[in-house]
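See below for the structure under consideration.
A short reminder: the numbers here are calculations on the coordinates, not readings from a lab. Keep in mind it's a predicted model, so treat the numbers as computed, not measured. With ideal geometry, Cβ positions are generated from the backbone for all residues, glycine too; neighbour counts draw on all protein chains shown.
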Amino acid sequence: EPEVTQTPSHQVTQMGQEVILRCVPISNHLYFYWYRQILGQKVEFLVSFYNNEISEKSEIFDDQFSVERPDGSNFTLKIRSTKLEDSAMYFCASSELENTEAFFGQGTRLTVV
Amino acid sequence: AQSVTQPDIHITVSEGASLELRCNYSYGATPYLFWYVQSPGQGLQLLLKYFSGDTLVQGIKGFEAEFKRSQSSFNLRKPSVHWSDAAEYFCAVGPTEYGNKLVFGAGTILRVKS
């Protein structure tokens, strides 16, 4: 069964460092998303991406964040200068069409120290 | 904007007992509704979804949910809980004309006692 894969599963970084979280969406999917879940809190939408551009972003997704689809398979989230409050589980998701269900990856736990 | 409320933060049930997890949404039209489950340290797995049609939807692992427009609810049920059902359950709404994103509830942690 096709699935969304994320790497790494856990990343520890020092405050102020740049991190790149990687995702491989399901191959025939066209819409890609990043969500995050701070420990003990709800899952929050960060950004959606379609046709090589951001289609929607939340207030959380400020200038420190960027997304890219560098090739035909990967979808990345970059945090330019990490802060302690960026520590969270980051989920990548993809959907085939605009109004179909999203399939989530296993998540990357980011710990900023 | 749409929102989702899961009134119960924690629920504990005995193995073999029935389960109902509550979910209320706020949205003007008929939304797309989802239930996801997250086991400890794991990702989000889709249990079931409602787009249109029959208001009682069946999902994986023996779960079902009923969409009630009059109550703006989409409660998740299971007739007999197994110890492996212990996890956190999230109700979500979307996408809508407000955008393609999902809006999640705060989650309900299910504990199963033997």
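In this structure, A:Gln64 and B:Ser52 have a Cβ-Cβ separation that, at R0 = 45 Å, corresponds to a calculated FRET efficiency of about 0.70. For the segment B:32-43, counting C-beta atoms of other chains within 10 Å of every residue's C-beta and taking the mean gives 3.
Residue pairs exceeding 22 angstrom between C-alpha atoms, taken from B:Lys49/B:Lys101; A:Lys78/B:Lys49; A:Lys83/B:Lys101; A:Lys42/B:Lys49; A:Lys57/B:Lys61; B:Lys61/B:Lys113: A:Lys78/B:Lys49; A:Lys83/B:Lys101; A:Lys57/B:Lys61.
Each Cα pair under 8 Å and six or more residues apart adds its separation to the average, and for chain B the resulting relative contact order is 38 percent. A simple spin-label model places pseudo-atoms 7 Å from Cα toward Cβ; at A:Lys83 and A:Val24 they are separated by 3.4 nm. Computed log10 I(q)/I(0) for segment A:32-80 at 0.15, 0.29 Å⁻¹: -0.40, -1.19, from the Debye equation with unit scatterers placed on every C-alpha and solvent omitted.
Under conditions of 20 °C and 1.002 mPa s, the protein assembly as shown yields 118 µm² s⁻¹ as its translational diffusion coefficient, taking Rh as the Kirkwood radius over Cα pairs in the Stokes-Einstein equation. Normalised Debye scattering of chain A at q = 0.10, 0.11, 0.19, 0.21 Å⁻¹ gives log10 I(q)/I(0) of -0.25, -0.31, -0.94, -1.16, counting only Cα atoms as equal scatterers and leaving out solvent. Taking the Kirkwood radius as Rh and the Cα radius of gyration as Rg, chain B has a ratio of Rg/Rh equal to 0.96.
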